[in-house]
1. Scan the stretch 71-84 and report the pairs whose first residue is under 12 Å from Y51 (Cα atoms) and whose second residue is assigned to a helix (DSSP H, G or I) and modelled with pLDDT under 85, with Cβ atoms within less than 8 Å and a gap of 6+ or a chain change.
2. Taking the condition of being free of Cβ contacts under 8 Å to residues at least 12 places away in the same chain and among the polar types (S, T, N, Q), how many residues in the stretch 26-57 meet it?
3. Return a yes/no flag: does the stretch 7-25 have any residue that is out of contact with any Gly (no Cβ under 8 Å at 6 or more places or on another chain), part of a loop (DSSP other than H, G, I, E, B) and among the aliphatic types (A, V, I, L, M).
Amino acid sequence: MARSVWKGPFVHPSLLKKVEKGGDATKRPIKTWSRGSTIIPEFVGLKFEIYNGKKFIPITVSDEMVGHKFGEFAPTRQFMGHTPADKKAGAASAAAPKRAGK
């Protein structure tokens, strides 16, 4: 369900305070754990580090990101790839019991 228009975008108050206090693009990035905060136009050009549950992912906010959530740019799951066909065939034949002849 979308947020009501009259409420405006959600931005965590501590994140707004950090941006107002030290919102200089040349300084070190602003660390945030607030993945649900919406990116607003005041954030354009700033560097953020978004926590994905394991590490901080560095991003620089651009114009195209306005209106999106921080969590969209810091994936929480890492895709390791599908199992190759030769490994599947080898594992299936090794797991199957061998039958003695009749």
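1. Matching pairs, first to second residue: none at all.
2. Of the residues in the stretch 26-57, 1 are free of Cβ contacts under 8 Å to residues at least 12 places away in the same chain and among the polar types (S, T, N, Q).
3. Checked the stretch 7-25: at least one residue is out of contact with any Gly (no Cβ under 8 Å at 6 or more places or on another chain), part of a loop (DSSP other than H, G, I, E, B) and among the aliphatic types (A, V, I, L, M).
The values are calculated or read from the model by the stated rules, or taken from the named source; none is laboratory data. The structure presented is a predicted model; accordingly, all values stated were derived computationally and were not measured. FYI the Cβ positions are ideal-geometry reconstructions off the backbone, even for glycines, and counts take in every protein chain you see.
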